[in-house]
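Q: Following this message is one structure expressed as structure tokens.
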Amino acid sequence: MMHSAGKTKMKPQFQFGDTLLALLASGLLALSLMSGPGCALFSSGATTEQKLIDVRNLSRAAASIGTQEALAQNATWLPRFVSAREQLRLMVNNGAVTGALLRGVIASLPVKELKSPQARIAITSATTLFDATVGSRVNIEQAPYLYAAALGMLDGFNDALP
């Protein structure tokens, strides 16, 4: 595209990983929009089942995109993410998901948080899921959200890791 004075405008260069992340984020956003208007996590009309689905979906998005972004920054972190996935898989398969164990898995990662455009999982005094869509937080170490969050994170790690 030509600018005045004959200068050319530079087109942004995207790498394959950028395109993959953009497609994944777009797909997750479309999925969340298909489930209803906005996120129902703290909607007064949301059922417990809908809140659990939202926690799982948001946790999956944060773990998947957050893992991909972290590994794009530093590929040598891969073994730590694989180890975290295996710890989480054992907890879920054994039905032994606790807030302290979930916090330990997240704390073992080389990053301070896992995030996507829709959500962020971070450890403050407890493991918190922040829903960027509606600007609210939930302590995912507490019932009934704990197991849904663990399943979502495991799904996200499985999406992002080989």
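Q: What residue, among those in segment 72-99 that are in contact (Cβ under 8 Å) with a residue 60 or more places away in the chain and surrounded by fewer than 19 Cβ atoms within 10 Å (Cβ to Cβ), is farthest from Leu146 (Cα to Cα)?
A: Leu78
Q: Against the definition (modelled with pLDDT under 90, farther than 28 Å from Ala46 by Cβ, surrounded by fewer than 18 Cβ atoms within 10 Å (Cβ to Cβ) and not charged (D, E, K, R)), how does Ala107 come out, yes or no?
A: In short, yes.
Q: Separate question: For segment 83-108, which positions are small (Gly, Ala, Ser) and either over 22 Å from Ala122 (Cβ atoms) or not in a helix (DSSP H, G or I) (or both)?
A: Gly95, Ala96, Ser108
Q: Let me ask something else. Taking into account only those residues within segment 110-136 that are buried (at least 19 other Cβ atoms within 10 Å of the Cβ) and of a type in the set (Val, Ile, Thr), which is modelled with the lowest pLDDT?
A: Thr127
Q: Tell me, which residue of segment 137-159 that is more than 12 Å from the chain's Cα centre (by Cα) and of a type in the set (Gly, Ala, Ser) is surrounded by the most Cβ atoms within 10 Å (Cβ to Cβ)?
A: Result: Ala148.
Q: Among the residues of segment 45-71, write down those that are surrounded by fewer than 15 Cβ atoms within 10 Å (Cβ to Cβ) and within 17 Å of the chain's Cα centre (by Cα).
A: Of everything in segment 45-71, nothing turns out to be surrounded by fewer than 15 Cβ atoms within 10 Å (Cβ to Cβ) and within 17 Å of the chain's Cα centre (by Cα).
Q: List the residue pairs whose Cβ atoms are under 6 Å apart, where the first residue sits in segment 39-61 and is under 20 Å from Met153 (Cβ atoms) and at pLDDT below 75, the second is of a type in the set (D, E, K, R) and surrounded by fewer than 20 Cβ atoms within 10 Å (Cβ to Cβ), and the two are 6 or more positions apart or on different chains.
A: Hits for this filter: Leu41/Lys51.
The values are calculated or read from the model by the stated rules, or taken from the named source; none is laboratory data. Predicted, not measured: the structure shown is a model, and the values here were computed from it. Cβ atoms come from the backbone with ideal geometry, glycine included; neighbour counts cover every protein chain shown.
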